[in-house]
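Notes follow once the structure below has been shown.
Bear in mind that the values in this text are calculations on the coordinates, not laboratory data. Values in this document were obtained by computation on a predicted structure and should not be read as measured data. Methodologically, a virtual Cβ is constructed for each residue, glycine included, from the backbone with ideal geometry; neighbour enumeration extends over all protein chains shown.
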Amino acid sequence: MNNSVKKKKIAILGSTGSIGCQALEVVHEHPEKFEVAVLTAHSNADLLIKQAIDFKPNTVVIVDETQYEKVNDALWKHDIKTYAGDESLCQVVEMDEVDLVLTALVGYAGLKPTLAAIKAKKPIALANKETLVVAGELVSKLANENNVPLLPVDSEHSALFQCMVGEFHNPIEKIYLTASGGPFRGMKKSELEKVTVQQALKHPNWEMGAKITIDSASLMNKGLEVIEAKWLFDLKNEQIDVIVHPQSIIHSVVQFEDGSMKAQMGLPDMKLPIQYAMAYPNRLANSFPRFNFLDYPQLSFEKADEDTFLNLALSYRALELGGTAACALNAANEITNLAFRKSKIGFLKIGEINQEVMEHCTFVKEPKLNDYIACDSEARAMAEELVLKNA
Ligand code: NDP
Ligand code: MG
């Protein structure tokens, strides 16, 4: 078999989530291009088993060890290797059978497997933005040293990347990350005090996992994306701007030194950026719905309200501070996001607690991996305490 027809073997970390399931749809649509080498889940054993029987990976990992027996009982007869525990995530990404690692798991849990994959010189299709928020400097440096591409899956970053293809030698003046503004766009603090979890979970344009949907409502998601963009594209903080664009048709914009602006557009559908990262540098024909200009006679733009949506301002502050500041912010946000989803705190407390943790957590200016790990634990503990106080 020559290289041009060789299938790309993909490890999907977090295959049972929103991005993971859509990645499997992409594989299903292009069986001649992709095959699945590894599937992993946290605890959703039933879906993991079903996916494994459908896609026949070499190996699966269920992180939650209490689910291991069930997964193993179902899959050994299909000749699929099964492992449990989070350390296994780091081991499976190193396997010879893997050509590309799609990090579609949520949160800080993505950091260690991503580092392991980079060290094993596996190209990364990166959905798990939290990894670059927590330790962007370390991760991007390691990726450079190992000559490992970090291919963005996040729609805005995929848009920027697509605008940059063919322009890598041309300096960028600035980028605009577009933001839908989420379900609470235009609201002021007095109104946000009363919003419910159900309202926050109703995103106007995208269907996503619960954590990122709440992050979108609180503009934390855009803040995380500002930090993600810095490390993916090696930008200075002042080169990164956010513009609210409620229709989510322009996915982001790159402005070059001559003032020319390139934008990438399309209907809001994550399958396209997922497929682009999986197939890069190729584009693959597909049957996804197409955009029609006349369905959207007006595309509009607004300034982001950083006074009301504190998290966006906090992300820029974290970039200014550097070191472990963004790691502390991310850890606090993982706790406050969940606490809000469980109705333990009100919506505005998310930003307030995140701020307090970022300001008071031990700060290390030039962190090593252990400093990030320590910062994450300390910030989580502080945030938990503040959640209890504010409950
Ligand atoms: P989901 O919550 O839908 O899925 C998360 C996946 O990760 C599931 O497979 C879950 O397993 C697994 N998982 C959860 N916790 C852990 C853990 N501690 N260790 C290992 N695996 C774990 O998330 P999304 O698909 O929405 O998001 C995934 C990532 O992609 C996030 O970083 C998000 O910011 C990013 N992203 C998502 C977009 C979207 O449209 N959804 C858009 C852009 C970026 P289980 O099912 O067993 O719980
Ligand atoms: Mg995004």
Taking only the Cα positions of the stretch 243-284, the convex hull volume per residue in Å³ is 94
The stretch 168-281: spread of alpha-carbon positions along the three principal axes, whole Å, largest first, is 49, 32, 23
If every Lys and Arg gets +1 and every Asp and Glu gets -1 at its Cβ, then about the Cα centre the stretch 1-71 yields a dipole, in debye to the nearest 20, of 360
Charge dipole of the chain built from unit charges on the beta carbon (Lys, Arg +1; Asp, Glu -1), centred at mean Cα; most positive-end Cα among SER377, THR131, ALA200 is ALA200
Given pairs LYS7/LYS174; LYS236/LYS303; LYS81/LYS230 and cut-off 32 Å on Cα-Cα distance, the over-length ones are LYS7/LYS174; LYS81/LYS230
For the stretch 161-170, in residue order, the Karplus 3J(HN,Hα) values (coefficients 6.51, -1.76, 1.60; θ = phi - 60°; whole Hz; Gly and Pro = x) are 4, 5, 5, 8, 4, x, 10, 4, 8, 9
Bridge orientation stat for the stretch 157-286 from DSSP, antiparallel percent rounded to 5, came to 65
Kirkwood calc, the stretch 282-390, C-alpha pairs only, radius in angstrom 16.1
Rounded to the nearest Å, the spacing of the alpha-carbon centers of the stretch 237-273 and the stretch 22-95 is 34
Descending packing, highest mean Cβ count within 10 Å first, for 220-226, 254-260 is 220-226, 254-260
Compactness summary of the stretch 1-131: radius of gyration and Dmax from Cα atoms, Å, are 13.5, 43
The answer for the per residue Cα convex hull volume of the stretch 1-40, in Å³, is 53
Per principal axis, largest first, the Cα atoms of the chain extend in Å by 58, 49, 41
Checked against the positive end of the charge dipole of the stretch 196-269 (+1 on Cβ of Lys and Arg, -1 on Cβ of Asp and Glu, about the Cα centre), the farthest of MET261, ALA217, ILE243 is ALA217
Across the alpha-carbon set of the stretch 72-130, Rg over Rh with Rh taken as the Kirkwood radius works out to 1.01
For VAL36, the residues 5 or more places away or on another chain with a placed amide H closer than 5 Å to its own amide H are ILE10
